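What follows is one structure encoded as structure tokens, with my remarks underneath.
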Amino acid sequence: MNRLHDFFRYCIEIFSKPGLVLIVLSLSACASSSSSGAQNGRVPSGYYRVQAGDNLYRIGLRHGQSVIALQRLNGLSNPHEIEVGQLIRVRGGTQSKPSRVSKATTAVPTDHRRSSGLSSVKHYPTPVVPSIALQWPVRGAILRAYNGTTQKGIDIGGARGVPIKAAAAGTVLYAGDELRGYGRLILLQHSSSTMTAYAHNDSLLVRKGQRVTAGQSIATMGDSGTEGVKLHFEVRVNGKAVNPTRYLPQ
């Protein structure tokens, strides 16, 4: 039930509505239907071909990137300056040249990197950690722990009606029950890189676009979309799920 590829497939449908702000969630790759025969060409690995109705926000949802990250990868000064059929780079690293490249950025040829000795330099990835301090949304037994594959959050047990608190101050990105399998769901954006998700609530106490403070009651515990009263809680940093218990007070 908590397989995130199903979760984000529904997110694409819901969050394409106008007025929603950026969500940095990780999405499984989704096949997109072409709007014309000209868009049916081979898409290089790490790229996505823009379809009718797309924008950087929707593309970011599909590929676990923020709008800012996509702008940086593609050298776009204006997030709205994309066209149907355009190749958008959605993954970092060395890829084929995109259909549009900013004049301010110049790719370094692979051979040049080898000859300059840059290939021997070791680059260590920046640790993926939340950019803000987090607190427990509710106290209770951990019914199911994070494992990074089939379970990218934790399930916390409790009684129906117990208040669910915001893990940190932020903005409500989504509050509703349109995502099958997650019941009444709330998504909070805390910073440009960090967001949290709260699923299976009984009642929702906040609305989309509302600012909330850390520890503010945002919902009550329930069993919507699941069997048994519990809260499914996730923390995502730059679209990647992290183990919530590592960043919550002990």
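Taking the stated definitions as given, is residue 150 assigned to a strand (DSSP E or B), closer than 23 Å to residue 240 by Cβ and not hydrophobic (A, V, I, L, M, F, W, C)?
In short, no.
For the structure I just gave you, tell me whether residue 224 is within 16 Å of the chain's Cα centre (by Cα), at negative phi, buried (at least 16 other Cβ atoms within 10 Å of the Cβ) and among the hydroxyl-bearing types (Ser, Thr, Tyr). Can you show your working first?
Working: within 16 Å of the chain's Cα centre (by Cα): no; at negative phi: yes; buried (at least 16 other Cβ atoms within 10 Å of the Cβ): yes; among the hydroxyl-bearing types (Ser, Thr, Tyr): yes.
The answer is no for residue 224.
Suppose we filter 160, 246 for residues that are surrounded by fewer than 23 Cβ atoms within 10 Å (Cβ to Cβ), farther than 21 Å from residue 62 by Cα and more than 21 Å from the chain's Cα centre (by Cα); which single one remains?
Numbers: 246 fails: more than 21 Å from the chain's Cα centre (by Cα).
Going through 160, 246 in turn, the sole match is 160.
Answer with yes or no whether residue 179 is surrounded by 21 or more Cβ atoms within 10 Å (Cβ to Cβ), at pLDDT below 95 and either assigned to a loop (DSSP other than H, G, I, E, B) or in the same structural domain as residue 67 (by TED's automatic domain parsing) (or both). Let's see the steps before the verdict.
On the way: surrounded by 21 or more Cβ atoms within 10 Å (Cβ to Cβ): yes; at pLDDT below 95: yes; either assigned to a loop (DSSP other than H, G, I, E, B) or in the same structural domain as residue 67 (by TED's automatic domain parsing) (or both): yes.
Judged against the criteria, residue 179 is a match.
Take the conditions surrounded by fewer than 16 Cβ atoms within 10 Å (Cβ to Cβ), touching a residue at least 12 places away in the same chain (Cβ under 8 Å) and over 28 Å from residue 63 (Cβ atoms) and apply them to residue 209. Does it pass? Before the answer, list the steps.
Values: surrounded by fewer than 16 Cβ atoms within 10 Å (Cβ to Cβ): yes; touching a residue at least 12 places away in the same chain (Cβ under 8 Å): yes; over 28 Å from residue 63 (Cβ atoms): no.
For residue 209, the condition - surrounded by fewer than 16 Cβ atoms within 10 Å (Cβ to Cβ), touching a residue at least 12 places away in the same chain (Cβ under 8 Å) and over 28 Å from residue 63 (Cβ atoms) - is not met.
Consider residue 187 against the criteria (1) surrounded by fewer than 18 Cβ atoms within 10 Å (Cβ to Cβ); (2) in contact (Cβ under 8 Å) with a residue 40 or more places away in the chain; (3) closer than 18 Å to residue 153 by Cα: it satisfies all of them except one. Which criterion is unmet?
It fails just one condition, (1).
Under the condition of being out of contact with any strand residue (DSSP E or B) (no Cβ under 9 Å at 6 or more places or on another chain) and outside the structural domain of residue 215 (by TED's automatic domain parsing), which residue from the stretch 121-154 is modelled with the highest pLDDT? Spell out how you get there, then give the answer.
Pass one, the stretch 121-154, residues out of contact with any strand residue (DSSP E or B) (no Cβ under 9 Å at 6 or more places or on another chain): 121-127, 133, 147, 149-150.
Checking the rest, the ones that are also outside the structural domain of residue 215 (by TED's automatic domain parsing) come to 121-127, 133.
Values: 121: 43, 122: 46, 123: 44, 124: 41, 125: 51, 126: 50, 127: 55, 133: 90.
So the residue we want is 133.
Can you name every residue in the stretch 196-250 that is closer than 23 Å to residue 158 by Cα, modelled with pLDDT of 95 or more and basic (Lys, Arg)?
230
The values are calculated or read from the model by the stated rules, or taken from the named source; none is laboratory data. Remember, predicted model here, so these are calculated numbers, not experimental data. In this analysis, Cβ positions are derived from the backbone assuming ideal geometry, glycine residues included, and neighbour counts consider all displayed protein chains.
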